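> So that we are looking at the same thing, I have put the structure below in structure tokens.
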Amino acid sequence: MSDLTSFKCPCCGGTLEFDSKSQKMKCPYCDTELDVESFRHEQDDNEKNLKEDEHLLEEVQHGGSQFSAEENADMESYLCQSCGGQIVVPKGTGAGNCPFCGNPQVMPANFEGTLKPDFVVPFKLDAKAVKAAYMKHLEGKHFLPAVFRDENHISEIRGVYVPYWLFDSHMRARMVFSCENIERYEDSRYRYVKHIYYDAYRKGVLDFADVPADGSSVMADDLMESIEPFNPEDGVEYLPAYLSGYAANRYDVDEEAVRPRVQERMSRTMQTEFEKSVTGYDRVKLKSSDIKFKKISAKYVLYPVWLLNTTWRGQRFTFAMNGQTGRFVGNLPRDDAAYWRTFALLTVALGIVFSFVVYFCMVD
Amino acid sequence: MNSEDLVLAIAGGFVLGAVVAYIIVACMASGLKSVKPRNEADVYMVDNSLNFDDKTDIYRGTRIERQLKPQNDKK
């Protein structure tokens with residue numbers, strides 16, 4: 001069993017949470033605010049205690065039947081520092097709330113050694129901002145079921161630190177574009193179309209910085225790409241205190257696995273940029289392309305994401321908000337009855353109008 | 001104008017109306033979808049890092065298509 005870390009208020013003993021507004025640790029009971037940096041020494045102490053406890057645990061005999069290796073492979077158990085309850089969580093969980101007392105807990109062991117993020121971008125927006133963004137997201141949407149406008153329909157709002165890989169690269173490419181200009185003219189007998197062909201050669205370099213790819217198999221890739229971009233310049237050194245009050249997972253999709261997707265995006269952009277330099281032609285088409293990644297490196301970071309879940313007719317809908325910029329996305333259900341009703345009404349109305357138009361055209 | 005032409009006009013008008021109506025409702029419903037993959041990485045380009053060593057355009061040839069004008073073409 002591993003240890004949890006919870007950050008206690010020095011005034012009242014309540015569990016502190018990271019406050020996105022003040023960017024400090026705040027006690028929800030007495031409103032005491034403390035700098036995140038002041039918890040650095042706690043992190044060092046915890047790491048030390050963790051190693052000592054691991055040594056002691058080797059000699060402890062537990063009652064009850066043992067979990068099989070397969071069962072243990074997918075879960076981890078912790079003791080809550082506030083109430084002493086045993087918490088069993090999926091492996092890789094880095095932070096969350098105790099199901100018994102509700103206090104925020106951080107599992108620092110999941111972000112140690114090679115798993116330690118290079119930096120973390122703290123939450124800038126709170127749960128109130130998520131609700132406001134959600135309501136705004138629903139505005140002006142045609143064919144949206146009316147029940148979705150009811151705020152009480154939201155089943156869950158969670159702030160999650162999502163593990164991301166950020167890639168820097170230096171790329172070199174050589175591309176050839178087939179180009180064509182078209183001229184039209186005529187004389188007394190003929191019409192002429194003149195096609196003038198060129199090949200445009202482009203060779204050059206392009207750099208990318210901090211191209212993200214989420215390192216969590218739980219998060220839908222398209223959902224995470226939809227809330228981009230994040231601004232890594234707001235990143236701070238990783239401290240467990242930043243995770244307090246939020247959920248967090250360590251990566252379970254490694255850098256190698258996400259690299260092809262990132263390279264695909266960078267290559268496509270490079271092609272677009274090269275194509276933009278081919279000007280003065282009526283038609284431009286890529287003929288050949290040779291892109292090489294001369295240098296590519298990755299960083300492991302935690303980005304703040306708000307997730308909001310809601311259900312409608314047994315179907316689950318997940319929305320995501322960038323916890324730094326407030327960009328909100330999520331597919332909404334369609335009210336099929338309203339959709340087809342509108343289609344039928346428009347067809348009849350436009351059909352009558354077009355019938356008159358066609359009729360008078362035929363008469364003329 | 002006989003009744004067959006009238007039926008044809010109504011049928012044609014309604015087919016056209018259905019097509020236009022479908023385009024309108026599809027556009028109205030498109031606002032419900034906001035999750036889509038980002039296939040480009042343009043926002044992550046390093047400023048002024050795009051540099052070309054070679055930018056050459058080479059002429060490859062010309063092809064002319066000729067079409068006889070219709071007899072009654074006044075031009």
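The values are calculated or read from the model by the stated rules, or taken from the named source; none is laboratory data. Small disclaimer: the values here were computed from a predicted structure and weren't measured. Heads up, the Cβs are rebuilt from the backbone with ideal geometry, glycines too, and the neighbour counts pull from every protein chain shown.
> Let me confirm something: among B:ASN48, B:ASN2, B:ASN39, which residue is more than 7 Å from every other protein chain (Cβ to nearest Cβ), surrounded by fewer than 15 Cβ atoms within 10 Å (Cβ to Cβ) and under 27 Å from A:ASP210 (Cα atoms)?
Answer to the check: B:ASN48.
> Also: Being in contact with a helix residue (DSSP H, G or I) (Cβ under 6 Å, 6 or more places away or on another chain), under 26 Å from A:ASP222 (Cα atoms) and of a type in the set (S, T, N, Q) narrows it down to one residue among A:THR310, A:THR318, A:THR342, A:THR325; which is it?
Within the list A:THR310, A:THR318, A:THR342, A:THR325, the selection yields A:THR310.
> Show the residue pairs meeting these rules: Cβ distance below 6 Å; 6+ apart or different chains; first residue within the stretch A:203-214 and within 7 Å of another protein chain (Cβ to nearest Cβ); second residue among the small types (Gly, Ala, Ser) and part of a strand (DSSP E or B).
Sorted first by the residue in the stretch A:203-214, then by its partner, the pairs are A:PHE208/A:SER169.
> Still on this structure, please answer the following. Checking A:VAL348 against (1) over 30 Å from B:GLU4 (Cα atoms); (2) without any contact (Cβ under 8 Å) to a residue 40 or more places away in the chain, which single condition isn't satisfied?
Against the list (1) over 30 Å from B:GLU4 (Cα atoms); (2) without any contact (Cβ under 8 Å) to a residue 40 or more places away in the chain, A:VAL348 comes up short only on (1).
> Follow-up question, since we're still on this one. Of the numbered conditions (1) in contact with a strand residue (DSSP E or B) (Cβ under 7 Å, 6 or more places away or on another chain); (2) over 30 Å from A:LYS194 (Cβ atoms), A:GLN271 fails exactly one; give the number of that condition.
Result: A:GLN271 passes all but (2).
> Only residues that are within 12 Å of chain B (Cβ to nearest Cβ) and under 11 Å from A:ALA173 (Cα atoms): list them for the stretch A:274-292, please.
Correct list: A:PHE274 only.
> Also, quick follow-up: Would you check if there is a residue in the stretch A:331-341 being surrounded by 13 or more Cβ atoms within 10 Å (Cβ to Cβ) and acidic (Asp, Glu)?
Yes, because at least one residue in the stretch A:331-341 is surrounded by 13 or more Cβ atoms within 10 Å (Cβ to Cβ) and acidic (Asp, Glu).
> Have a look at A:MET321, A:MET270, A:MET266, A:MET362 and point out the one that is in a helix (DSSP H, G or I) and within 20 Å of the chain's Cα centre (by Cα). Spell out the reasoning first.
Working: A:MET321 fails: in a helix (DSSP H, G or I); A:MET270 fails: within 20 Å of the chain's Cα centre (by Cα); A:MET362 fails: within 20 Å of the chain's Cα centre (by Cα).
A:MET266 is the lone residue from the list that is in a helix (DSSP H, G or I) and within 20 Å of the chain's Cα centre (by Cα).
> When you go through A:LEU308, A:LEU302 one by one, which is the residue that is part of a strand (DSSP E or B), under 19 Å from A:PHE148 (Cα atoms) and touching a residue at least 60 places away in the same chain (Cβ under 8 Å)? Before you say what the answer is, go through the steps one by one.
Values: A:LEU302 fails: under 19 Å from A:PHE148 (Cα atoms).
A:LEU308 is the lone residue from the list that is part of a strand (DSSP E or B), under 19 Å from A:PHE148 (Cα atoms) and touching a residue at least 60 places away in the same chain (Cβ under 8 Å).
> If you don't mind, another one. Anything in the stretch A:241-263 that is part of a helix (DSSP H, G or I) and closer than 29 Å to A:ARG158 by Cβ? List them, or say none. Explain how you work it out, then say what you get.
Going residue by residue through the stretch A:241-263, those that are part of a helix (DSSP H, G or I) are A:241-243, A:255-263.
A:ALA241, A:TYR242, A:LEU243, A:GLU255, A:GLU256, A:ALA257, A:VAL258, A:ARG259, A:ARG261, A:VAL262 - these are the residues of the stretch A:241-263 that are part of a helix (DSSP H, G or I) and closer than 29 Å to A:ARG158 by Cβ.
> Would you please name the residue that is farthest from A:ALA133 (Cα to Cα), looking only at residues in the stretch B:6-36 that are facing chain A (nearest Cβ under 7 Å) and loosely packed, with under 13 Cβ neighbours inside 10 Å?
B:LYS36
> Collect the residues in the stretch A:216-230 that are at the interface with chain B (Cβ under 10 Å from one of its Cβ atoms) and of a type outside the set (A, V, I, L, M, F, W, C), keeping them in residue-number order.
A:ASP221, A:ASP222, A:GLU225, A:SER226, A:GLU228, A:PRO229
> Just name the residue that is modelled with the highest pLDDT out of those in the stretch B:1-43 that are more than 30 Å from the chain's Cα centre (by Cα) and in a helix (DSSP H, G or I).
The qualifying residue modelled with the highest pLDDT is B:VAL7.
Here's the yes/no breakdown for (1) crowded, with 17+ Cβ neighbours inside 10 Å; (2) assigned to a strand (DSSP E or B); (3) among the acidic types (Asp, Glu):
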residue: A:TYR164; (1), (2), (3): yes, yes, no
residue: A:ASP168; (1), (2), (3): no, yes, yes
residue: A:PHE177; (1), (2), (3): yes, yes, no
residue: A:GLU180; (1), (2), (3): no, yes, yes
residue: A:GLU183; (1), (2), (3): no, yes, yes
residue: A:TYR192; (1), (2), (3): no, yes, no
residue: A:ARG202; (1), (2), (3): yes, yes, no
residue: A:PHE208; (1), (2), (3): yes, yes, no
residue: A:ALA213; (1), (2), (3): yes, yes, no
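> In addition: Let me confirm something: among A:ARG172, A:ARG184, A:ARG191, which residue is charged (D, E, K, R), in contact (Cβ under 8 Å) with a residue 60 or more places away in the chain and in the same structural domain as A:ASN322 (by TED's automatic domain parsing)?
After ruling out the rest, the residue left standing is A:ARG172.
> While we're on this one: Would you mind finding the one in A:ALA337, A:ALA349 that is assigned to a helix (DSSP H, G or I), away from every other protein chain (no Cβ under 12 Å) and not acidic (Asp, Glu)?
Values: A:ALA349 fails: away from every other protein chain (no Cβ under 12 Å).
Only one candidate qualifies: A:ALA337.
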